[in-house]
Amino acid sequence: MKKRLTMYMLIFALLLSNLVFANNAQAASSLDATVQSTLGNSNISVTLRSLESGKVLYERNGDIGRKPASTMKLLTASAALDTLGPDYRFKTELYIDGEVNNNVLNGNLYIKGGGDPTLNKKDFSTFAVTLKRHGIRTINGNIYGDDTLFSGSQLSPGVVAEDETYYYGARTSALTMSPNDDYDSGTIIVNVKASSVGRAPVVSAEPNLSGMQVVNKAKTVGKGQKNTVKIVRKYRTNQIVITGSLPVGSSAKDWVSLQDPTINTLHSIKIALESTGLKFSKRSNVMRKVVPENATLLYTKSSIPLKTLMNPFLKLSNNSIADILVKTMGHEVYGKGHINYGLKVLNDYGNTLGLNMGNWNFEDGSGMSHKNRISTNELTSLLLKVRDEQNYNIFYNALPVGGQKERLVGGSLKKRFTQAPYISKVHAKTGSITGVYTLAGYITAKSGRTFAFAIMTQNQSSSKISNIDTVVKKIYQLY
C-alpha cells in the first residue's frame, strides 16, 4: 500500500512539474511576443528571474552587456551599505590656529571636508555660533579648505562638457555643500524673478552666490509672453549666464553646478559667517590648505546616517552622492579617496556576493558613463543575491515605488505605474542617459509572488520608457 501511494505521489509530482514547466513556457512565449512588439529585438535586453529558485524565467539578449545608466547605482548602494555600514556618517571639522585676544582671532579658520553631501547653510550658522562661543568676533587670517580626503579629478568620467553646468554633472570634492534637502551637492540654486518691463530680472541664489559671478542678459517682458529664460554656467568658469525673456509676475530657477566645490563652499561659508556679524580682515583670502597639526578643533559636524541618505540617493537618483560614496569607499578600504580605488571596492564586493564580475565593466558608480556595460542577467543576479545581505531592507525601501505620488516614496517612479493594479507593485531603479533608458528592480506580480527583473534599451528615443512599462505590466499579468 505504501509503495503504491509513493508511486502515485511521484506521478502527481511529475505531472505538476510538467504543468508548471508548460505554464512557464507559455508565459515566457507570451512575454517574448510583447517584448519584441514593443521594444524590438536589437539594442534591448530583458531578464526576469525567480526569487524562489534563482533561475532565469525569461531573457532576451540577457547576456549582452548594455549601458546601465543609473541602474548602476544598485551595485553602488548595496556595496556602500556593506562596506561603510548603515550608521556611517560623513564628518566636517572646523579648526582654528593662532590666538584669540579681545574677540579677535589672530590666525586662520580651517574647514576639513569629509565628503559630506549634506553640508548646508544651517551648518554654516552653527559654525558661526561655535566661533562666537569661543569669543571670536573678528578673523584676521584666512579661511582655508582641506579637501585632501579625495584625490583625482572632481568630474566623474561620464560627464561631458555640455553636462557640466547641470546638477547631475556636478563636480565632487571632499569639501562640498548642498542647497537643499535633496543633497544635490556641488550646486547652488539660482532664482530669477521678473521686475518691470524692459528691465533685467532680479537674481538671487541659495544658499548664496558662493563666489560665482552672474552675467544677467535676460529681460523682463509683458505678462502673457513666453518664458524663455535659461540659466547656465559658462564652461569651466565661475560665470552664471542668464539669457531669455521673463514675463511680468513670473519667475524661474535652476540648479547650477559649482566650478570648484571646495573654493565655492568656502566662499559660501564666509558669506554666511559675515551675515551673522562676524568680520574678516580686508586681507583675508579663501584658499586650499591642509589643516596644520597644531590647529585646534572647535566643532565636528556629522551627517545623517547612510541608511537615511539612501532614500534621496536612490529615490531621486543622485549622481553626486554616488560619486562621493565611491571615493569614500576607496578611502575607507584602501586609504585612497580616488575613484579607481572606489571602483575596486565595488568589484571586490561583487565578487564576495558571488556575481560574475568579469561581465561587469564600469568606470563610475553613478551610471553617467556611456562606457559602462552590464548584462540584464547579471543585474538580476545582483537583485537576487542582495536579498541575503543584512542591509537588504534598507536597500529595498530606498528604491522608487511605482505610482506613489509622495516624492520621497515614489521618487523617479511616482508618475509611472499610476493605475490599478500596478500601484506599489514595482520597486525599481530607473536609468536614463542620452539614448539609453533602463529599469531594474522587483515586481510583485498578479500571483502575489515577487520577481527580479531588468530591462535595458539603448540607441532609443524617450518613447521607449512607456514601452518598458508595457513589458513590466505584462510581467505582472503573466506571473
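If you go through segment 152-162 and keep only what is open to solvent by less than 50 Å² (accessible area, probe 1.4 Å) and either without any contact (Cβ under 8 Å) to a residue 12 or more places away in the chain or polar (S, T, N, Q) (or both), you end up with Gln154, Ser156. For segment 238-258, a residue qualifies if it is open to solvent by 40 Å² or more (accessible area, probe 1.4 Å) and not aromatic (Phe, Trp, Tyr), and the qualifying residues are Asn238, Gln239, Thr243, Val248, Gly249, Ser251, Lys253, Asp254. Pairs are defined by a Cβ separation below 7 Å, a sequence spacing of at least 6 or placement on different chains, a first member in segment 223-239 that is closer than 22 Å to Thr187 by Cβ and part of a strand (DSSP E or B), and a second member that is acidic (Asp, Glu) and modelled with pLDDT of 95 or more; the pairs so defined are Ile231/Asp254. Screening Ser37 against (1) over 29 Å from the mean Cα position of the chain (by Cα); (2) open to solvent by less than 10 Å² (accessible area, probe 1.4 Å); (3) among the polar types (S, T, N, Q) leaves a single unmet condition, (2).
Filtering segment 369-376 for residues that are β-branched (Val, Ile, Thr), open to solvent by 20 Å² or more (accessible area, probe 1.4 Å) and not in a loop (DSSP other than H, G, I, E, B) leaves an empty set.
Total residues in segment 146-188 satisfying the condition of being touching a Gly at 6+ places or on another chain (Cβ under 7 Å) and under 27 Å from Pro292 (Cβ atoms): the figure is 11.
Each residue in segment 240-258 was checked for being assigned to a strand (DSSP E or B), under 15 Å from Ala194 (Cβ atoms) and among the β-branched types (Val, Ile, Thr), and 2 of them qualify.
Quickly run through segment 191-208 and pick out the residues that are in contact with a Ser or Thr (Cβ under 8 Å, 6 or more places away or on another chain) and within 18 Å of Ala272 (Cβ to Cβ). Residues satisfying the conditions are Asn191, Pro207, Asn208. Taking segment 28-42 as the range and being over 11 Å from Leu478 (Cβ atoms) and touching a residue at least 24 places away in the same chain (Cβ under 8 Å) as the test, the residues that pass are Val35, Gln36, Thr38, Leu39. A single entry from Gly435, Gly448 fulfils the requirement of being surrounded by fewer than 16 Cβ atoms within 10 Å (Cβ to Cβ) and on the phi > 0 side of the Ramachandran plot: Gly448. Here Ala28 meets the list (1) closer than 22 Å to Asn467 by Cβ; (2) at pLDDT 95 or above; (3) surrounded by fewer than 21 Cβ atoms within 10 Å (Cβ to Cβ); (4) touching a strand residue (DSSP E or B) at 6+ places or on another chain (Cβ under 6 Å) almost entirely, failing just condition (2). Only one of the numbered conditions (1) open to solvent by 50 Å² or more (accessible area, probe 1.4 Å); (2) touching a residue at least 24 places away in the same chain (Cβ under 8 Å); (3) over 18 Å from Asn318 (Cβ atoms) is not met by Leu408, and that is (3). I'm checking my understanding of the structure. Among residues of segment 107-147 that are touching a residue at least 12 places away in the same chain (Cβ under 8 Å), among the basic types (Lys, Arg) and assigned to a helix (DSSP H, G or I), which one is least open to solvent (accessible area, probe 1.4 Å)? Out of the qualifying residues, it is Lys132. Among the candidates Leu353, Leu384, Leu343, the residue that is open to solvent by 10 Å² or more (accessible area, probe 1.4 Å), within 26 Å of Met177 (Cβ to Cβ) and of a type in the set (A, V, I, L, M) is uniquely Leu343.
The values are calculated or read from the model by the stated rules, or taken from the named source; none is laboratory data. Quantities reported herein were computed from a predicted structural model and do not represent experimental measurements. Every residue, glycine as well, gets a Cβ built from its backbone with ideal geometry; the counts of neighbours run over all protein chains shown. Just the protein is used for accessible areas: all its heavy atoms, side chains included, with ligands, DNA and RNA removed. Shrake-Rupley method; radii C 1.70, N 1.55, O 1.52, S 1.80 Å.
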